[in-house]
């Protein structure tokens, strides 16, 4: 059951990432200007770009982990998927908040590396799962 939810969460995260990427390419800059976030515009656009890219990579990683979780090393893959999900929430989520939020929300940048560590741990779990399988 958890594998099904992991695959669903990964697929939906990928779909949201594609939609956000399209918004970033076609409307984000104007939205930021109209919202009064023009001053650090280039930085906000860069944060958004990184957030979308990492969300998409790790959404696919979650789906792959769910597909691999039926193997003899399934526990490693379930752990990998959960860590990738946590990484999306912390890493990409903090960057999205910094993009769309007021300047005071830049402090959320302290959370971003924790999400990055979750991504690293997730991929390490994938490697350990392959090693054990």
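The values are calculated or read from the model by the stated rules, or taken from the named source; none is laboratory data. This one's a predicted model, so the numbers in the text were calculated from it and none came from an experiment. FYI the Cβ positions are ideal-geometry reconstructions off the backbone, even for glycines, and counts take in every protein chain you see.
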Taking only segment 101-123 into account, find how many residues are farther than 12 Å from residue 51 by Cα and modelled with pLDDT of 95 or more.
11
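Looking at segment 59-78, which of its residues are part of a helix (DSSP H, G or I) and over 12 Å from residue 132 (Cβ atoms)?
First, pick out the residues of segment 59-78 that are part of a helix (DSSP H, G or I): 59-68, 74-78.
Once the filter is applied, which keeps residues that are part of a helix (DSSP H, G or I) and over 12 Å from residue 132 (Cβ atoms), segment 59-78 yields 59, 60, 61, 62, 63, 64, 65, 66, 67, 78.
Of the residues in segment 32-52, how many are assigned to a helix (DSSP H, G or I) and either surrounded by 14 or more Cβ atoms within 10 Å (Cβ to Cβ) or at positive phi (or both)?
Start the filter on segment 32-52 by keeping residues that are assigned to a helix (DSSP H, G or I), which leaves 32-34, 41-52.
Subset that is either surrounded by 14 or more Cβ atoms within 10 Å (Cβ to Cβ) or at positive phi (or both): 32, 44-45, 47-52.
So the count comes out to 9.
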